[in-house]
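Shown below is the structure under consideration.
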Amino acid sequence: MKKIKVGIVGLGRLGKEYAKNLTFRIRSADLIAACSINEEEVDFARTELEVPHLFQDYNEMLKLQDLEVVFVISSTNKHAEHIVKALKAGLHVYSEKPLSSSVEECKQVEVI
């Protein structure tokens, strides 16, 4: 079975749960990248999950060649921005809700 190469942005309380599920419970997923602006959260991905590619810069993570899908579990005010960037990079996206805190940002995602 081919595993889907997954990245995650946002490793706060909820992001950690998603990352653990992607690593230990979803057999078809291979969590190859994780991104957080918080160094402690990056350390969690390194030590607890052994994620091979770690980033504090989301734009750098999106350049990873093998990446196929991004889970957006960042703060709500960043969801739309992160979704748009991933879609423009040609990636599939799963986003935690809400899509955004403003209608204008939701419309930016809609046009991609």
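In the chain, how does Rg compare with the Kirkwood Rh, expressed as the Rg/Rh ratio over alpha carbon atoms?
When Rh is taken as the Kirkwood radius, the ratio is 0.95.
Among ASN59, ASN77, ILE32, flag the residue with its Cα farthest along the positive direction of the charge dipole of the chain, charges on Cβ as +1 for Lys/Arg and -1 for Asp/Glu.
It is ILE32.
Determine ³J(HN,Hα), in whole Hz, for all residues of region 79-84 in sequence, where each value follows from phi through the Karplus function 6.51 cos²θ - 1.76 cosθ + 1.60 and θ = phi - 60°; x replaces Gly and Pro.
So the Karplus estimates, Gly and Pro as x, are 3, 4, 4, 5, 5, 4 Hz.
Convert each backbone phi in region 14-20 into a coupling constant with the Karplus relation 6.51 cos²θ - 1.76 cosθ + 1.60 (shift: θ = phi - 60°), then list the ³J(HN,Hα) values in order as whole Hz, x for Gly and Pro.
Ordered by residue, 3J(HN,Hα) equals 6, x, 4, 5, 4, 4, 5 Hz.
Whose amide H sits under 5 Å from the amide H of ILE4, counting only residues 5 or more places off or on another chain, with H placed in the peptide plane?
ALA29, ASP30
Provide the gained length on full extension for the span THR47 to GLU60, in nm with one decimal, where the gain is 0.36 nm per separating residue minus the Cα-Cα distance.
2.6 nm
Within 10 Å of each candidate Cβ there may be at most 12 other Cβ atoms; applying that plus a DSSP loop requirement, which trypsin sites (Lys or Arg not before Pro) in region 54-92 survive?
Of the trypsin sites (Lys or Arg not before Pro), the ones in loops of region 54-92 whose Cβ has at most 12 other Cβ atoms within 10 Å are LYS63.
Per residue, how much accessible area does the chain show when a 1.4 Å probe rolls over the protein heavy atoms, in square angstrom?
Per residue, the chain has 60 Å² of solvent-accessible surface.
Got a number for carbon plus sulfur as a percent of the chain's accessible area, 1.4 Å probe?
Whole-percent figure for carbon plus sulfur exposure: 50.
Count neighbours as other Cβ atoms within 10 Å of each site's Cβ, and list the GluC sites (Glu not before Pro) in region 33-100 that are DSSP loop with at most 11 such neighbours.
Answer in residue order: GLU50.
Using only DSSP helix segments of four residues or longer, with each worth -39500 (n - 2.57), what per-residue ellipticity at 222 nm results for the chain after dividing by its residue count and rounding to 500?
My calculation for the chain gives -11500 deg cm²/dmol from helical runs alone.
Given labels modelled 7 Å from the Cα in the Cβ direction, how far is it in nm from GLU81 to SER28?
Label-label distance for GLU81 and SER28, simple model: 3.3 nm.
Report ³J(HN,Hα) in whole Hz for each residue of region 36-46, in order, from the Karplus equation J = 6.51 cos²θ - 1.76 cosθ + 1.60 where θ = phi - 60°; Gly and Pro get x.
Running phi through 6.51 cos²θ - 1.76 cosθ + 1.60 with θ = phi - 60° gives 7, 7, 9, 4, 5, 6, 5, 4, 4, 5, 5 Hz.
The values are calculated or read from the model by the stated rules, or taken from the named source; none is laboratory data. No experiment lies behind these values; they were computed from the predicted model shown. No Cβ is skipped: glycine too gets one built from the backbone with ideal geometry, and neighbour counts run over all protein chains shown. In case anyone asks, the SASA skips ligands and DNA or RNA and just uses the protein heavy atoms, side chains included. Shrake-Rupley method; radii C 1.70, N 1.55, O 1.52, S 1.80 Å.
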